[in-house]
1. Could you do me a favour and compute the accessible area per residue for the chain, 1.4 Å probe, result in Å²?
2. Given points 7 Å out from each Cα along the Cα-Cβ axis, report the Gln82 to Phe7 separation in nanometres with one decimal.
3. Would you please name the trypsin sites (Lys or Arg not before Pro) within the range 52-116 that are DSSP coil residues with at most 14 other C-beta atoms within 10 Å of their C-beta?
4. Rounded to a whole number, what % of the accessible area of the range 7-116 do carbon and sulfur atoms account for, probe 1.4 Å?
5. So which residue, out of Gly16, Gly42, Gly55, gets the largest mean-square fluctuation from a GNM of the chain using Cα contacts under 10 Å as springs?
6. Could you check which residue among Thr78, Thr58, Thr28 shows the biggest mean-square fluctuation in a GNM of the chain with a 10 Å Cα cutoff?
7. Would you mind estimating how fast the chain diffuses translationally, via Stokes-Einstein at 20 °C and 1.002 mPa s with the Kirkwood radius over Cα pairs, in µm²/s?
8. With a cut-off of 8 Å between alpha carbons and a minimum separation of six or more residues, what is the relative contact order of the chain in percent?
Amino acid sequence: QVRLLEFGGGLVQPGGSLRLSCAASGFTFSMYVMNWYRRAPGKERELVATVTSDGRTTNYKDSVKGRFTMSRDNVKNTVDLQMNSLKPEDTALYYCNAASYRATYWGQGTQVTVSS
C-alpha cells in the first residue's frame, strides 16, 4: 500500500521556522521525483519545491527561494522541507507528492499557519 505521511506542520509566528517531513512507503522511493505543494485558503494548489530522484537538484517557487530548503534521504525514504523566515502568505495546507512516468501519489497534507 502506497503511503505518504506528512508531519511537522503547526502554528508559527512570522519570521519563525518549521521543518516538514514526509515518510514514504509502498513504492520505489528512489525512482520518484518528490515535490512539496501547498494550497492556501481560496487559492489554487501550487508547486513549492521539487527534488530530483537522486537528490542532486532542487527547484523552488520564486517566493520561497532563499527561505525554504528541500532535501531527501533515499535510505530512509523521507523528504524534508526546511522553512525559514516564514511569512503569513506561507499559510497553507502543504502536501507531499511523488511523481514518475508510472504514477503520482499524494499525502493528506499538513497545515502550516503563520500568524502573530
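The values are calculated or read from the model by the stated rules, or taken from the named source; none is laboratory data. Quick caveat, the model's predicted, so the values are computed rather than measured. Here Cβ is always computed from backbone atoms with ideal geometry, including for glycine, and neighbour counts include all displayed protein chains. Surface accessibility is based on the protein's heavy atoms, side chains included, excluding ligands, DNA and RNA. Shrake-Rupley method; radii C 1.70, N 1.55, O 1.52, S 1.80 Å.
1. Numbers: 6390 Å² over 116 residues.
Result: 55 Å² of accessible area for each residue.
2. 2.0
3. On the way: sites: Arg56, Lys61, Lys65, Arg67, Arg72, Lys76, Arg102; in loops: Arg56, Lys61, Lys65, Arg67, Lys76, Arg102.
Hits after loop and neighbour filter: Arg56, Lys65, Lys76, Arg102.
4. Details: 2750 of 5890 Å².
Carbon-and-sulfur percentage of accessible area, whole number: 47.
5. Comparing Gly16, Gly42, Gly55 in a Gaussian network model of the chain, the most mobile one is Gly42.
6. Top of the fluctuation ranking is Thr28.
7. Working: Rh = 14.0 Å.
The estimated diffusion coefficient comes to 153 µm²/s.
8. Numbers: 284 pairs, mean separation 41.6, N = 116.
Reported relative contact order: 36 percent.
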